[in-house]
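Participant: Pasting a structure below so you can have a look.
The values are calculated or read from the model by the stated rules, or taken from the named source; none is laboratory data. In this text the structure is predicted, and so the values were computed from the model without any measurement. A quick note on method: Cβ atoms are made from the backbone with ideal geometry, for glycine too, and the neighbour counts reach across all protein chains shown.
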Amino acid sequence: MDRLKAQLVFIAGAIVSLLLFGAVRAQTLTGERATVLARRMTRELADSEARCRLLYEASPAMLHSINRQAILVAVSDAWLARLGYARADVLGRPSTDFLTPESRDYARQTVLPAFFRDGRCKDVEYQMVCRDGSVIDVLLSAVLTPGERGGSLAFIEDVTERRRTEREAGAARARMWEMNQRLAAIVESAGVSIIATDPRGRIQSFNAEAERMLGYRAEEVLGASLPALIHVNQEVHARARALGAERGAYVPANYEALFCCAQQGGADRGEWTYARKDGSRFPVLVSSSAIRAADGSISGFISVAIDISSQRAHAELQRSALQEKETLLKEVYHRVKNNLQVVSSLFNLQMRSLPDGSARQILQQSAERVRAMALVHEKLCRSDRLQSIDIVAYVHDLCETLAAATGADERGIRIALQVEPIEIGLEASMPLGLLLNELICNSLKHAYPEGRAGTVTVRLACAGRGQGLLEVFDDGIGFSAGMLRDKPVSLGLRLVATLARQLGARFSMETRAGAYTALTFDLADAAPSAGLVAAEAAPAGARREGATLAA
């Protein structure tokens, strides 16, 4: 051992040195690898942080992060774009600076203490203020990252449009509720029966007037079939079947028949018969309409009924009274006509005992005037309308009577009529008939000397603006200059002036290749007038000789 001691020490030292070298070498290599790995991990971490920040800031969602003091440390681009700020304007500021005063107080006093205590919050309702001063509604959900220096990540959802829609929907619901309440009050207080049914005819609504009218209480009939309460008449059967035939189906006389017209899209209005609880029936005026859903389908029907029993009784009473009045008036007109005919006959009897002369002529003129008045009453008693006469038939009969009395046919004188079927009031018909009698008689008796024939034209038409125009002209000798210039002295012309004044008319006389007279009057009932004014100027080419009758 002594001889080998140095060798052993050498060998042991060499081994220990090798081991130490190996350990140091291994440690050196491990340190280098650790350094490389640390550098790589540092780069990867920096890249990851950059990517995370890029993803955070470029996220389409509104995001922000705060520290333990509620200071903003990061915001997304969407957050900035929605509120209208730049990143440099918001980082480092309290997150509550961007809330309305009410939301700010709520955040400071309630939300933030609970958030830092519990580490999360969900769907907190805030109102945020944009850079331009506008306010948006948001929902905020956030989580707190662990660690003493940990921050938070908050997700913000813009619900402005949703809240606006909800507010509008709430307001619409409130208005609809109010409208429904008003409608219910109107239906209950309405003085007509209102019944609503489903598409199968089961009663869903029955107002107070329907209860009074039919004798049922609402709780007795709700859910019952409406056809049990009403009676369908044959006219409704026929109309419903006709409508059913148009759409290729037979419509029986039941609930479908009642509302067949309403099913076609419109309201069906007509008279029906309802049956009361006690079995009695009464007439009603019913309007039935279809109630349509949003998709256009029929969801039910509504019927509004008015009891017309009293109206029918009143109408029948009025009809009876009117018939009695018309009968009485026709009897009066008939008696007046008979009396006037008696007067005319008396004149004729008296004329037979008188020689030719002025007295006989005066009696004849009076008889003709009485016949003109009697003819008016004859037309009235034969007319279906007692407010006016058939002016066409009246003028025709008057001219025929006057032509026969004056022998116009034998003398070669023809009467041409151009009469429109205008309506002339009762008050105006009598003076107009007398006036027409005077003008036609004047032409027949004085316009044509013995041996001269001709035509007398009578024209009656509307002159516009509620006025009528009566023209009588002939192709005879015309008016004398003295007659046109001086005040009329004959009874006929004085009577014409008086009648024209009674009608409130404008009357003129002139010569147009014969005698021409014109009368413009209101078609309504004539009213008394203070005097007469000149008629409108004659057409171009007519002779300018003319005169106006003054009362």
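Participant: Counting just the residues of the range 68-78 that are closer than 15 Å to Gly151 by Cβ and out of contact with any Asp or Glu (no Cβ under 6 Å at 6 or more places or on another chain), which one comes out surrounded by the fewest Cβ atoms within 10 Å (Cβ to Cβ)?
Facilitator: Taking the range 68-78 first, the residues closer than 15 Å to Gly151 by Cβ are 68-76.
Checking which are out of contact with any Asp or Glu (no Cβ under 6 Å at 6 or more places or on another chain) leaves us with 68-75.
Working: Arg68: 12, Gln69: 8, Ala70: 18, Ile71: 15, Leu72: 22, Val73: 14, Ala74: 19, Val75: 24.
If we take residues in the range 68-78 being closer than 15 Å to Gly151 by Cβ and out of contact with any Asp or Glu (no Cβ under 6 Å at 6 or more places or on another chain), then Gln69 is surrounded by the fewest Cβ atoms within 10 Å (Cβ to Cβ).
Participant: Quick check on my filter: what residues within the range 281-299 are part of a strand (DSSP E or B), over 18 Å from Ala190 (Cα atoms) and under 24 Å from the mean Cα position of the chain (by Cα)? Break it down into steps so the answer makes sense when it comes.
Facilitator: Narrowing the range 281-299 to residues part of a strand (DSSP E or B): 281-292, 298-299.
Narrowing further to those that are over 18 Å from Ala190 (Cα atoms): 281-283, 290-292, 298-299.
Answer for the range 281-299, where residues must be part of a strand (DSSP E or B), over 18 Å from Ala190 (Cα atoms) and under 24 Å from the mean Cα position of the chain (by Cα): Ala290, Ile291, Arg292, Ile298.
Participant: Out of Pro449, Pro431, Pro421, I need the residue that is within 42 Å of the chain's Cα centre (by Cα) and either in contact (Cβ under 8 Å) with a residue 40 or more places away in the chain or not in a helix (DSSP H, G or I) (or both). Which one?
Facilitator: Details: Pro449 fails: within 42 Å of the chain's Cα centre (by Cα); Pro431 fails: within 42 Å of the chain's Cα centre (by Cα).
Result: Pro421 is the single residue among Pro449, Pro431, Pro421 that is within 42 Å of the chain's Cα centre (by Cα) and either in contact (Cβ under 8 Å) with a residue 40 or more places away in the chain or not in a helix (DSSP H, G or I) (or both).
Participant: Further question: If the Cβ limit is 8 Å and pairs must be 6+ apart or interchain, which residue in the range 177-191 that is closer than 15 Å to Ile302 by Cα pairs with which residue that is of a type outside the set (Phe, Trp, Tyr)?
Facilitator: Short answer, once both residue conditions are applied: Val187/Ile194; Val187/Ser205; Val187/Asn207; Glu188/Asn207; Glu188/Ala208; Ala190/Asn207; Ala190/Glu209.
Participant: Name the pairs whose Cβ atoms lie under 9 Å apart, with the first residue in the range 1-14 and surrounded by 10 or more Cβ atoms within 10 Å (Cβ to Cβ), the second modelled with pLDDT under 75, and 6 or more positions between them or separate chains?
Facilitator: Pairs that qualify, where the first residue is surrounded by 10 or more Cβ atoms within 10 Å (Cβ to Cβ) and the partner is modelled with pLDDT under 75, are Leu8/Met1.
Participant: Taking Arg276 as the residue in question, decide whether it is under 19 Å from Tyr216 (Cβ atoms) and either at pLDDT 80 or above or not hydrophobic (A, V, I, L, M, F, W, C) (or both).
Facilitator: Details: under 19 Å from Tyr216 (Cβ atoms): yes; either at pLDDT 80 or above or not hydrophobic (A, V, I, L, M, F, W, C) (or both): yes.
When the stated conditions are applied, Arg276 passes them.
Participant: Among Ala374, Ala416, Ala428, which is the only one that is at pLDDT 80 or above and either under 18 Å from Phe473 (Cβ atoms) or surrounded by 18 or more Cβ atoms within 10 Å (Cβ to Cβ) (or both)? Please lay out each step first, then the result.
Facilitator: Values: Ala374 fails: at pLDDT 80 or above; Ala428 fails: at pLDDT 80 or above.
Just one listed residue meets the conditions, Ala416.
Participant: Residues being in a loop (DSSP other than H, G, I, E, B) and without any contact (Cβ under 8 Å) to a residue 40 or more places away in the chain: count how many of those fall in the range 127-147. Can you show your working first?
Facilitator: Here is the first cut: in the range 127-147, the residues in a loop (DSSP other than H, G, I, E, B) are 130-134, 145-147.
From what is left, the residues that are without any contact (Cβ under 8 Å) to a residue 40 or more places away in the chain are 133-134, 145-147.
Within the range 127-147, residues that are in a loop (DSSP other than H, G, I, E, B) and without any contact (Cβ under 8 Å) to a residue 40 or more places away in the chain number 5.
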